[in-house]
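The values are calculated or read from the model by the stated rules, or taken from the named source; none is laboratory data. The structure presented is a predicted model; accordingly, all values stated were derived computationally and were not measured. Don't worry about glycine lacking a Cβ; one is built from the backbone with ideal geometry, like all the others, and counts go over all protein chains shown. Surface accessibility is based on the protein's heavy atoms, side chains included, excluding ligands, DNA and RNA. Shrake-Rupley method; radii C 1.70, N 1.55, O 1.52, S 1.80 Å.
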Amino acid sequence: MERLQHVATDSGAADNARLGIHAGGQQYLVALRDIKEVLPVPEIHAVPLVQPWFLGMCNIRGNLYAVTDLARFLGSRHQPAVMTAESRLMLVHDDFDINAAFLIDSLAGLRSLGDFKPLEMVADGPSYITSRHEDDQHHLWEELNMALILEKQEFLQVAA
């Protein structure tokens with residue numbers, strides 16, 4: 001986390017740096033400016049009568065966070081998260097004015113956009129995927145725009 005914070009404060013490095021994450025068998029990149037913190041998964045308290053992707057609430061240092069299974073929220077092509085020792089909660093930055101946390105399968109570490117080959121966007125792809133990239137092993141990485149996810153009406157309507 002210290003390394004993330006250091007890169008995030010270095011504006012030149014932060015523009016090109018992304019956090020690589022795994023969710024639902026897919027690989028994603030997230031801008032460091034969109035993330036407050038990544039931490040091991042604390043106890044999540046279930047909430048009744050909510051969408052299947054909404055896992056519940058958790059207390060992080062006295063603040064309540066709404067926890068979303070990122071893979072399941074992103075769509076049916078994804079497998080729901082399975083909690084393992086590698087699972088993490090990714091807290092969105094305070095600038096969004098929402099205490100939201102996303103459950104991810106694991107971290108892939110810091111990545112630089114310069115290490116990827118840009119790919120063309122899919123014409124009918126989701127709006128929250130802002131770019132697509134390929135790494136040296138020919139794996140697909142999609143960049144998530146957290147602001148667009150947090151603005152989605154579906155995200156704000158957790159009631160089933």
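Summary of values
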read-out: Selection count where residues are open to solvent by 30 Å² or more (accessible area, probe 1.4 Å) and within 30 Å of Q157 (Cα to Cα), scope the range 86-120; value: 11
read-out: Which listed residue, of P126, P52, is modelled with pLDDT under 90, closer than 16 Å to G24 by Cβ and surrounded by fewer than 16 Cβ atoms within 10 Å (Cβ to Cβ); value: P126
